[in-house]
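To start, the structure under review is shown below, and the notes come after it.
The values are calculated or read from the model by the stated rules, or taken from the named source; none is laboratory data. None of these values were measured; they are calculated from a predicted model. FYI the Cβ positions are ideal-geometry reconstructions off the backbone, even for glycines, and counts take in every protein chain you see.
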Amino acid sequence: MAENKLPSGEGASIHRPPMSSCINYQFWKIRMKIFIESIDKGIWDAIINGPYAPKHIVDDVQVNKPWTQLTKEERRRAQYDCNAKNILTSSLNMDEFFRVSQRKSAKEMWEVLQVRIATRPK
């Protein structure tokens with residue numbers, strides 16, 4: 001019988017994000033992308049490109065629209081960043097969580113994780 005040498009332990013879940021073990025960042029990163037895209041590609045887009053922030057013009061100045069003025073579609077797209085932050089933080093141990101928890105967006109969290117986890121000794 002083949003031995004399971006995956007850093008995540010036994011198998012994987014389609015309902016829970018892969019846990020970061022810091023052993024093989026590239027493996028975790030690929031699994032996270034696949035997991036997140038399986039939920040909604042818009043969530044992955046929020047991680048890569050930053051949160052969706054619809055704007056409108058007030059006194060000839062472009063400003064973010066308040067949540068109460070967003071359309072149903074704009075709210076759905078704006079929610080992707082919140083979903084992404086939840087998924088990312090759910091996959092982290094306590095130390096990693098506290099490194100990223102104060103970041104404003106999932107994109108910022110992902111960037112911190114790429115630097116912190118990728119540069120750890122293997």
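For region 56-70, give me the residue count where each residue is part of a loop (DSSP other than H, G, I, E, B) and either touching a strand residue (DSSP E or B) at 6+ places or on another chain (Cβ under 6 Å) or touching a residue at least 40 places away in the same chain (Cβ under 8 Å) (or both).
The first filter runs over region 56-70 and keeps only residues part of a loop (DSSP other than H, G, I, E, B), leaving 59-60, 65-66, 70.
Cutting the leftovers down to either touching a strand residue (DSSP E or B) at 6+ places or on another chain (Cβ under 6 Å) or touching a residue at least 40 places away in the same chain (Cβ under 8 Å) (or both) gives us 65.
Counting residues in region 56-70 that are part of a loop (DSSP other than H, G, I, E, B) and either touching a strand residue (DSSP E or B) at 6+ places or on another chain (Cβ under 6 Å) or touching a residue at least 40 places away in the same chain (Cβ under 8 Å) (or both) gives 1.
Can you give me the number of residues within region 93-114 that are assigned to a loop (DSSP other than H, G, I, E, B) and either touching a Pro at 6+ places or on another chain (Cβ under 9 Å) or free of Cβ contacts under 8 Å to residues at least 24 places away in the same chain (or both)?
The initial filter retains those residues of region 93-114 that are assigned to a loop (DSSP other than H, G, I, E, B), namely 93, 101-105.
Pick out the ones that are also either touching a Pro at 6+ places or on another chain (Cβ under 9 Å) or free of Cβ contacts under 8 Å to residues at least 24 places away in the same chain (or both) and you get 101-105.
Selection size over region 93-114: 5.
Return the total of residues in region 41-71 being modelled with pLDDT of 95 or more and basic (Lys, Arg).
Total meeting the criteria: 1.
Out of the residues in region 35-55 that are surrounded by 11 or more Cβ atoms within 10 Å (Cβ to Cβ) and not in a helix (DSSP H, G or I), which is farthest from the chain's Cα centre (by Cα)?
Across region 35-55, the extreme among qualifying residues is Pro54.
Which one is surrounded by the fewest Cβ atoms within 10 Å (Cβ to Cβ), of the residues in region 83-92 that are touching a residue at least 12 places away in the same chain (Cβ under 8 Å) and either not basic (Lys, Arg) or not in a helix (DSSP H, G or I) (or both)? I'd like the intermediate steps shown before the answer.
Here is the first cut: in region 83-92, the residues touching a residue at least 12 places away in the same chain (Cβ under 8 Å) are 83-85, 87-92.
Then keep just the ones that are either not basic (Lys, Arg) or not in a helix (DSSP H, G or I) (or both); that gives 83-84, 87-92.
On the way: Asn83: 17, Ala84: 26, Ile87: 19, Leu88: 25, Thr89: 17, Ser90: 11, Ser91: 21, Leu92: 20.
Among them, the one singled out is Ser90.
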